[in-house]
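Trainee: Quick one: this structure, given as structure tokens, is what I'll be asking you about.
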Amino acid sequence: MNIGVKPDPEEVPGRPADAKSLAREILSALTYRVGKDPTVATQHDWLSATSQVARDRMVERWMASTKRAYQQSDKRAFYLSLEFLIGRLLIDSISNLGLMEAFREALSSLDVDLDEIAALESDAALGNGGLGRLAACFMESMATVDIPAHGYGIRYTNGMFRQEVSDGWQVELPETWLSHGDPWEFERRERSFEIGYGGTVELVTSADGMEERHLWKPQERVLAVAYDTPVVGWRGKRVNTLRLWSAMPVDPILLDRFNAGDHIGALMESNKAESLSLVLYPADSSPAGQELRLRQEYFFSSASLQDILQRHVYQYGDLTSLPDKAAIHLNDTHPSIAIAELMRLLMDVHGLDFETAWRVTKGTFAYTNHTLLPEALESWQLSMFEHLLPRHMQIIYAINAAVLKEARGHEGFDDQKIRNISLIEEGGQRRVRMGNLAFVGSHSVNGVSALHTELMKKTVFADLNQLYPGRINNKTNGITPRRWLMECNPGLFALVREAIGDRFMDDTEALSDLNTHVEDAAFREAFAAVKRANKERLAKMVAERLAIRLDPAAIFDVQVKRIHEYKRQLLNIVETVALYDQIRSHPELDWTPRVKLFAGKAAPSYYNAKLIIKLANDVARTINRDPAVRGLLRVVFVPNYNVSAAEIMIPAADISEQISTAGMEASGTGNMKFALNGAITVGTLDGANIEIKERVGDDNILIFGLTAEEVGERRSNGYQPRAIIEASPELQQALSAITSGVFSPDDRDRYRDLVAGLYDHDWFMVAADFDAYSAAQRRVDGIWNDRARWNRMAIRNTANVGWFSSDRTIREYAREIWNVPTK
Ligand code: 26V
């Protein structure tokens, strides 16, 4: 592995960066900070020492970046997100600092292997999936394009659960990622803010009787304490801060109660406070509606805003200039309570009137929507909301009154439309709609792919779009090419550099220079050899972890992502069963060997998703032990999919499965990572797949199935899946094998309801798309057997998806939403 990138020689007097000096520093860190002698140090100790030395290297640049932002009075971006799915940081940090080779050499002189210790770092999995990983890519890109930016979130003690598979079923275990400590963070005890809950609101009059203000007297209070992680951009030019809040009791031991003999009660209070940052909610759809979740949302939103306002007042004095100096971005509705909180702080603490506060608020906030799934849109039971945040409830009523008044004066706003845009959902149980709050309180509302943005305008936000035309805009997602090409695929990175030079390292779109190498047979073979080596690396991992042997000569067909019915892992599994059936029925045919790889977590309360995992494992067990398909078909479910697993699986894929029901995947970002690493997409016309197709060209992607429009038409014209199934012998055969217990002899009824759902309603249109999907897979076989053609297609994928760099996405946010300059 060689990322021989030299550090930027300009600015920041660095500490010596040669291998010798690094080795000396690592030894010294091992001795004085870890407290170990090299003769007894464990690999973990070496990792700690190395990470600390790497962190030291960021500190001067970090301070320089901070100073620069202050001195130049730059406008800053603040990215509020309940999730940051960061993954490991050692390789990312030293690679961006240009110190990979120096560290490798330094460690090797100490008889330590960099890759070996890097693999021991635990994944910071403070997120569920796409939305959280996007936040992590954005943090790295904001530093890269030199935006003074701060990420704000929660420092969960327990991140995304660890998934084990036991007898084919998902089992969730706590993820104690902090058990060895986090070498990257700085605790900032002094940077803490009080967060209130419950209580009452009073109207108080100033001494001169001239002014009235609302005074919220919370019943409970907790402390939010900051932990800062430096985030270094590509080539180390800028280092930004990810500030995560941890909850602490305001009064850690309630001395009065403790002294009065109530030891237990006194400590219970402190546990209650700490529970706020104890665990990440592991669901990425259907909000649990639990009070703790709203408490978490308010906890980090309020702490972040207090921090932002304190900084602004210190630097500029007056808060009416906030929109000129701060862009606050809401990653989904999760932090949207920040809108009411900013209004409260501006009016109740800083004395602004409603109109001024509302103008400042709208000028400051922008909101990204990440899903159209109706069940994922957050809303809170009004009575619970009011009890927990009484002052915010009043403010939301006031905002609602202003918005509805404005709408009443608008042409064509009848009662139905008024009901649709209201912040309060009426009927039975009244609820507070966070999506509508985020929309009206922001000057920009964006979707994450062209299709998703168009659908937002037509569906969930149709009426708000009519009231505030022009507010909705598109920002197609992106991924950081550092982690998702340079670091995870060093072989491809080296090959590309050799072929087209270094320009793509600073401008990912320059990968298009690879197009000129497509007709070079030697280059194609070298490209294929890299893929082959990556497949061997994955096969080794699968052999070690699961004791399953994979043939790297077979097609590696990969579907990795959260398990969700709309993502249609079931379509893939059913097609696998159909293929299995075909191979057994026609053993004389020339079948193309294939390995089907699956990985992903299911929300613990999502029954069908967990059943789909069990089905994948049942199908895998049956197929893998059947001599009739030996060497032709293998199925693997890789447990505990996370960022680190993605970094191994994605570079090893020949086929990228992006097969969601059209109209349902807002964007997808895995699709971009696979294409960048030279996998060919089998996909529907959904989310960013459409834009990938536009860039790689129709001949280099395999598109199948209904369009979003056709899905809509079918649904409204009485879709009849049974008739479709009965007209497709292959599908019918595969489904009947599954229902009859071929894969579940121990419980023949296990999949009866799951399959019955396909016959009965098939909301996700598995049946409607099955034949087209199966045909696309047989086209894959044909292309695979024309090696030159396959390799051309794969290279054209890598060459033409540079546009999906998150640097490009972030520059668009900066220019079109935040109004901050970039490099
Ligand atoms: C929603 C909820 C609902 C309440 C319970 C907890 C929870 C946690 C996360 C979410 C967010 C779901 C939305 C999401 O992750 N969307 C994904 O965002 C990606 C980045 O924009 C995008 O590529 C995926 O297509 C989209 O599904």
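Trainee: Among Val222, Val232, which is the only one that is under 30 Å from Met486 (Cβ atoms) and either β-branched (Val, Ile, Thr) or at pLDDT below 95 (or both)?
Mentor: Details: Val222 fails: under 30 Å from Met486 (Cβ atoms).
Exactly one of Val222, Val232 is under 30 Å from Met486 (Cβ atoms) and either β-branched (Val, Ile, Thr) or at pLDDT below 95 (or both), namely Val232.
Trainee: Which of (1) open to solvent by 10 Å² or more (accessible area, probe 1.4 Å); (2) away from the ligand (no atom under 11 Å from the Cβ); (3) on the phi < 0 side of the Ramachandran plot; (4) not in a strand (DSSP E or B) does Asp146 not meet, given it meets every other one?
Mentor: Against the list (1) open to solvent by 10 Å² or more (accessible area, probe 1.4 Å); (2) away from the ligand (no atom under 11 Å from the Cβ); (3) on the phi < 0 side of the Ramachandran plot; (4) not in a strand (DSSP E or B), Asp146 comes up short only on (3).
Trainee: Scan the stretch 75-95 for residues that are open to solvent by 10 Å² or more (accessible area, probe 1.4 Å) and either modelled with pLDDT under 95 or among the aliphatic types (A, V, I, L, M) (or both) and jot them down.
Mentor: Scanning the stretch 75-95 gives Leu85, Ile86, Leu89, Ile91.
Trainee: Can you tell me how many residues in the stretch 669-680 are out of contact with any Lys or Arg (no Cβ under 8 Å at 6 or more places or on another chain) and within 16 Å of the ligand (Cβ to nearest atom)?
Mentor: First, pick out the residues of the stretch 669-680 that are out of contact with any Lys or Arg (no Cβ under 8 Å at 6 or more places or on another chain): 671-677, 679-680.
Subset that is within 16 Å of the ligand (Cβ to nearest atom): 671-676.
Total satisfying the criteria: 6.
Trainee: Check off (1) under 26 Å from His214 (Cβ atoms); (2) within 16 Å of the ligand (Cβ to nearest atom); (3) crowded, with 20+ Cβ neighbours inside 10 Å for His370 and give me the number that stays unchecked.
Mentor: (1)
Trainee: Run Ser336 past the list (1) away from the ligand (no atom under 15 Å from the Cβ); (2) among the small types (Gly, Ala, Ser); (3) touching a residue at least 40 places away in the same chain (Cβ under 8 Å) and report the number of the one that doesn't hold.
Mentor: The failed condition is (1).
Trainee: Among the candidates Gln290, Gln296, single out the residue that is open to solvent by less than 10 Å² (accessible area, probe 1.4 Å) and within 16 Å of the ligand (Cβ to nearest atom).
Mentor: Working: Gln290 fails: open to solvent by less than 10 Å² (accessible area, probe 1.4 Å).
Selected residue: Gln296, the only one of Gln290, Gln296 that is open to solvent by less than 10 Å² (accessible area, probe 1.4 Å) and within 16 Å of the ligand (Cβ to nearest atom).
Trainee: Still on this structure, I have one more. Asn689: within 25 Å of the chain's Cα centre (by Cα), within 16 Å of the ligand (Cβ to nearest atom), more than 25 Å from Leu579 (Cβ to Cβ) and not hydrophobic (A, V, I, L, M, F, W, C), yes or no?
Mentor: Working: within 25 Å of the chain's Cα centre (by Cα): yes; within 16 Å of the ligand (Cβ to nearest atom): yes; more than 25 Å from Leu579 (Cβ to Cβ): no; not hydrophobic (A, V, I, L, M, F, W, C): yes.
So Asn689 does not fit the description; no.
Trainee: Same structure, new question: Just for the stretch 565-578: of the residues that are open to solvent by 10 Å² or more (accessible area, probe 1.4 Å) and in contact with a helix residue (DSSP H, G or I) (Cβ under 8 Å, 6 or more places away or on another chain), which one is nearest to the ligand (Cβ to nearest atom)?
Mentor: Step one: of the stretch 565-578, the residues open to solvent by 10 Å² or more (accessible area, probe 1.4 Å) are 565-567, 570.
From what is left, the residues that are in contact with a helix residue (DSSP H, G or I) (Cβ under 8 Å, 6 or more places away or on another chain) are 565, 570.
Values: Glu565: 13, Leu570: 17 Å.
In this case the residue turns out to be Glu565.
Trainee: Is it the case that some residue within the stretch 785-802 is closer than 27 Å to Val577 by Cβ, open to solvent by 50 Å² or more (accessible area, probe 1.4 Å) and in contact (Cβ under 8 Å) with a residue 40 or more places away in the chain?
Mentor: Checking the stretch 785-802: at least one residue is closer than 27 Å to Val577 by Cβ, open to solvent by 50 Å² or more (accessible area, probe 1.4 Å) and in contact (Cβ under 8 Å) with a residue 40 or more places away in the chain.
Trainee: Turning to a different aspect of this structure: If I ask for residues that are away from the ligand (no atom under 11 Å from the Cβ) and not acidic (Asp, Glu), which ones from the stretch 273-287 would you list?
Mentor: Initially, the stretch 273-287 is screened for residues away from the ligand (no atom under 11 Å from the Cβ), giving 273-279.
Hits for the stretch 273-287 are Ala273, Ser275, Leu276, Ser277, Leu278, Val279.
Trainee: Of the conditions (1) open to solvent by 40 Å² or more (accessible area, probe 1.4 Å); (2) more than 15 Å from the ligand (Cβ to nearest atom); (3) in contact with a strand residue (DSSP E or B) (Cβ under 7 Å, 6 or more places away or on another chain), Thr320 clears all except one; give me its number.
Mentor: So the condition that Thr320 fails would be (3).
Trainee: Outside any helix (DSSP H, G or I), of a type in the set (D, E, K, R) and touching a residue at least 40 places away in the same chain (Cβ under 8 Å), is that true of Asp307?
Mentor: Values: outside any helix (DSSP H, G or I): no; of a type in the set (D, E, K, R): yes; touching a residue at least 40 places away in the same chain (Cβ under 8 Å): yes.
Judged against the criteria, Asp307 is not a match.
Trainee: Filter the stretch 623-665 for residues that are open to solvent by 10 Å² or more (accessible area, probe 1.4 Å), small (Gly, Ala, Ser) and over 22 Å from Ala528 (Cβ atoms) and give the result.
Mentor: Ala628, Ser644, Gly663
Trainee: Can you confirm whether the stretch 589-612 contains a residue that is in a helix (DSSP H, G or I), open to solvent by 10 Å² or more (accessible area, probe 1.4 Å), closer than 30 Å to Thr798 by Cβ and not hydrophobic (A, V, I, L, M, F, W, C)? Step through it out loud before you land on a result.
Mentor: Restricting attention to the stretch 589-612, the residues satisfying the condition of being in a helix (DSSP H, G or I) are 607-612.
Those still in the list that are open to solvent by 10 Å² or more (accessible area, probe 1.4 Å) too: 607-608, 610.
Restricting the remaining residues to those that are closer than 30 Å to Thr798 by Cβ gives none.
Within the stretch 589-612 (the criterion being in a helix (DSSP H, G or I), open to solvent by 10 Å² or more (accessible area, probe 1.4 Å), closer than 30 Å to Thr798 by Cβ and not hydrophobic (A, V, I, L, M, F, W, C)), the answer is no, since none of the residues qualifies.
Trainee: In addition: Working carefully through the options Ala737, Ala666, Ala662, Ala645, find the one that is small (Gly, Ala, Ser), more than 16 Å from the ligand (Cβ to nearest atom) and either under 19 Å from Val595 (Cα atoms) or not in a helix (DSSP H, G or I) (or both).
Mentor: Working: Ala737 fails: either under 19 Å from Val595 (Cα atoms) or not in a helix (DSSP H, G or I) (or both); Ala666 fails: more than 16 Å from the ligand (Cβ to nearest atom); Ala662 fails: more than 16 Å from the ligand (Cβ to nearest atom).
Selected residue: Ala645, the only one of Ala737, Ala666, Ala662, Ala645 that is small (Gly, Ala, Ser), more than 16 Å from the ligand (Cβ to nearest atom) and either under 19 Å from Val595 (Cα atoms) or not in a helix (DSSP H, G or I) (or both).
Trainee: In this structure, does Val165 turn out to be buried (at least 18 other Cβ atoms within 10 Å of the Cβ), of a type outside the set (S, T, N, Q), away from the ligand (no atom under 16 Å from the Cβ) and in contact (Cβ under 8 Å) with a residue 60 or more places away in the chain?
Mentor: Working: buried (at least 18 other Cβ atoms within 10 Å of the Cβ): no; of a type outside the set (S, T, N, Q): yes; away from the ligand (no atom under 16 Å from the Cβ): yes; in contact (Cβ under 8 Å) with a residue 60 or more places away in the chain: yes.
So Val165 does not fit the description; no.
Trainee: Tally time: how many residues in the stretch 113-143 are open to solvent by 10 Å² or more (accessible area, probe 1.4 Å), within 15 Å of the ligand (Cβ to nearest atom) and polar (S, T, N, Q)?
Mentor: Matching residues across the stretch 113-143 total 1.
Trainee: Hey, could you check the stretch 92-114 for residues that are within 18 Å of Ala143 (Cβ to Cβ) and part of a helix (DSSP H, G or I) and say which is nearest to the chain's Cα centre (by Cα)? So that I can check it myself, show each step before the final result.
Mentor: Quick first cut of the stretch 92-114, residues within 18 Å of Ala143 (Cβ to Cβ) only: 92-100.
The next check asks that each one be part of a helix (DSSP H, G or I); those that pass are 92-96, 100.
Values: Asp92: 17, Ser93: 19, Ile94: 23, Ser95: 22, Asn96: 21, Met100: 26 Å.
Taking the candidates together, the pick is Asp92.
Trainee: What number of residues within the stretch 356-367 satisfy the criterion of being open to solvent by less than 10 Å² (accessible area, probe 1.4 Å) and either more than 16 Å from the ligand (Cβ to nearest atom) or at pLDDT below 95 (or both)? Before you say what the answer is, go through the steps one by one.
Mentor: Keep residues of the stretch 356-367 that are open to solvent by less than 10 Å² (accessible area, probe 1.4 Å), which gives 357, 360-361, 364-367.
With the extra rule that they be either more than 16 Å from the ligand (Cβ to nearest atom) or at pLDDT below 95 (or both), the set shrinks to 357, 360-361, 364-365.
Of the residues in the stretch 356-367, 5 are open to solvent by less than 10 Å² (accessible area, probe 1.4 Å) and either more than 16 Å from the ligand (Cβ to nearest atom) or at pLDDT below 95 (or both).
Per-residue answers, yes or no, for (1) assigned to a helix (DSSP H, G or I); (2) among the hydrophobic types (A, V, I, L, M, F, W, C); (3) in contact with a helix residue (DSSP H, G or I) (Cβ under 9 Å, 6 or more places away or on another chain):
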position	(1), (2), (3)
Glu536	yes, no, yes
Val542	yes, yes, no
Arg549	no, no, yes
Val558	no, yes, yes
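Trainee: What pairs come out if I take residues in the stretch 135-146 that are more than 14 Å from Phe84 (Cβ to Cβ) and pair them with residues that are modelled with pLDDT of 95 or more and surrounded by fewer than 24 Cβ atoms within 10 Å (Cβ to Cβ) whose C-beta lies under 8 Å away, six or more apart or interchain?
Mentor: Correct list of pairs: Thr144/Arg235; Val145/Arg811; Val145/Ala814; Val145/Thr822; Asp146/Thr822.
Trainee: Quick one: would you say Ala135 is outside any strand (DSSP E or B), touching a Ser or Thr at 6+ places or on another chain (Cβ under 9 Å) and not aromatic (Phe, Trp, Tyr)?
Mentor: Details: outside any strand (DSSP E or B): yes; touching a Ser or Thr at 6+ places or on another chain (Cβ under 9 Å): yes; not aromatic (Phe, Trp, Tyr): yes.
Considered against the rule, which asks whether it is outside any strand (DSSP E or B), touching a Ser or Thr at 6+ places or on another chain (Cβ under 9 Å) and not aromatic (Phe, Trp, Tyr), Ala135 comes out as yes.
Results for (1) open to solvent by 10 Å² or more (accessible area, probe 1.4 Å); (2) more than 16 Å from the ligand (Cβ to nearest atom), shown as yes or no for each residue.
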residue: Ile396; (1), (2): no, yes
residue: Val403; (1), (2): no, yes
residue: Ile418; (1), (2): yes, yes
residue: Gly428; (1), (2): yes, yes
residue: Gly441; (1), (2): no, yes
residue: Thr453; (1), (2): no, no
residue: Thr459; (1), (2): yes, no
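Trainee: Can you go through Arg497, Arg433 and tell me which one is within 16 Å of the ligand (Cβ to nearest atom), at pLDDT 95 or above, within 29 Å of the chain's Cα centre (by Cα) and buried (at least 17 other Cβ atoms within 10 Å of the Cβ)? Even if it seems obvious, please write down each step before you answer.
Mentor: Details: Arg497 fails: within 16 Å of the ligand (Cβ to nearest atom).
The match here is Arg433.
Trainee: Of these, Ala366, Ala407, Ala401, which one is touching a His at 6+ places or on another chain (Cβ under 9 Å), hydrophobic (A, V, I, L, M, F, W, C) and at negative phi? Steps first, answer last, please.
Mentor: On the way: Ala407 fails: touching a His at 6+ places or on another chain (Cβ under 9 Å); Ala401 fails: touching a His at 6+ places or on another chain (Cβ under 9 Å).
After ruling out the rest, the residue left standing is Ala366.
The values are calculated or read from the model by the stated rules, or taken from the named source; none is laboratory data. Here the structure is a predicted model, which is why all the values come from computation and not from measurement. Here Cβ is always computed from backbone atoms with ideal geometry, including for glycine, and neighbour counts include all displayed protein chains. When the accessible area is computed, the model is the full protein with side chains, heavy atoms only, and any ligands, DNA or RNA have been set aside. Shrake-Rupley method; radii C 1.70, N 1.55, O 1.52, S 1.80 Å.
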